[in-house]
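Written below as structure tokens is the structure these notes are about.
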Amino acid sequence: MTYAYPDRGFQVEPGRPGDIFFFVTEIVSGAWRGRFGGQFCSLPMTEKEFGIRCAKAILGQLLPFWRTAVTRQFVVVRHRREIIGAALSYADTHQTGPSLICIDVVVVNEQWRRQGVGQALVTYFQKRTPPGGRLECYCMSESRVMARLVKRLGFVRTHKAAKFTIKGQIALPPERWEWQAKCASRTLDPVRRNADIAKCL
């Protein structure tokens, strides 16, 4: 199923096997610019790390009966059949309490940055977060554009990056940002209302 964003004409849809190469190469390119961890500057390592995750997400979409403890979503944005952005998320379906979805990676083609592609992808996940559920993402210190975007969309920074030293080298972990979906408790049925409130506790 495709989801349209009329203001920009973007389409957010499930990723296909052929989209994985775009996703992986954008991660490698971003790693060289400091937007992702330095370990992802290696194409073979990034292919192994994220290619498998994307493949599992695609299988989960095509085969609903194929279930794992972690549910992944790989989605893309196209413009005139050209892929211009992609994102990968995961959620632990076996955890107790409110659901937690993590936006693993968001990438946007260099020529399409600051035009609403990243916003379309993040908004896609916000709209699919259950009432009371939480959505989180991580931003490296060089990813200021992404940090400003999620802040504008209502995310709150819960962990600020702090430098530390490992074996004589300075490391800077990513910042953590979190957003919580509002609880749907405006129903007149008191039993259903109480059930909705309980989901959010």
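Would you mind stating whether I58 is under 16 Å from the mean Cα position of the chain (by Cα) and either closer than 15 Å to L121 by Cβ or open to solvent by 80 Å² or more (accessible area, probe 1.4 Å) (or both)? Here the answer is no, as I58 does not meet what is asked.
Of everything in region 25-48 that is open to solvent by less than 50 Å² (accessible area, probe 1.4 Å) and of a type in the set (F, W, Y), the residue that is modelled with the highest pLDDT is F40. For the criterion of being touching a Phe, Trp or Tyr at 6+ places or on another chain (Cβ under 6 Å) and either at pLDDT below 85 or open to solvent by less than 60 Å² (accessible area, probe 1.4 Å) (or both), A86 passes. Taken over region 30-62, the residue count meeting the criterion of being touching a residue at least 40 places away in the same chain (Cβ under 8 Å) and not aliphatic (A, V, I, L, M) is 9.
Evaluation of N109 against the conditions (1) surrounded by fewer than 20 Cβ atoms within 10 Å (Cβ to Cβ); (2) within 17 Å of K182 (Cα to Cα); (3) in contact with a strand residue (DSSP E or B) (Cβ under 9 Å, 6 or more places away or on another chain); (4) not aromatic (F, W, Y) shows that the sole unmet condition is (2).
Among the criteria (1) modelled with pLDDT under 85; (2) farther than 24 Å from I20 by Cβ; (3) open to solvent by 60 Å² or more (accessible area, probe 1.4 Å), the one P173 does not fulfil is (3). Name every residue in region 85-124 that is in contact (Cβ under 8 Å) with a residue 40 or more places away in the chain and of a type in the set (F, W, Y), in order of residue number. Of everything in region 85-124, just one residue is in contact (Cβ under 8 Å) with a residue 40 or more places away in the chain and of a type in the set (F, W, Y), namely Y124. Taken together, L121, L149 contain a single residue that is farther than 21 Å from V24 by Cα and buried (at least 16 other Cβ atoms within 10 Å of the Cβ), which is L149.
The values are calculated or read from the model by the stated rules, or taken from the named source; none is laboratory data. Note that the coordinates shown come from a computational prediction; the quantities given were computed from them, not determined experimentally. Note that we place each Cβ from the backbone using ideal geometry, even for glycine, and neighbour counts take in every protein chain shown. Note: areas computed on protein heavy atoms with side chains; ligands, DNA, RNA excluded. Shrake-Rupley method; radii C 1.70, N 1.55, O 1.52, S 1.80 Å.
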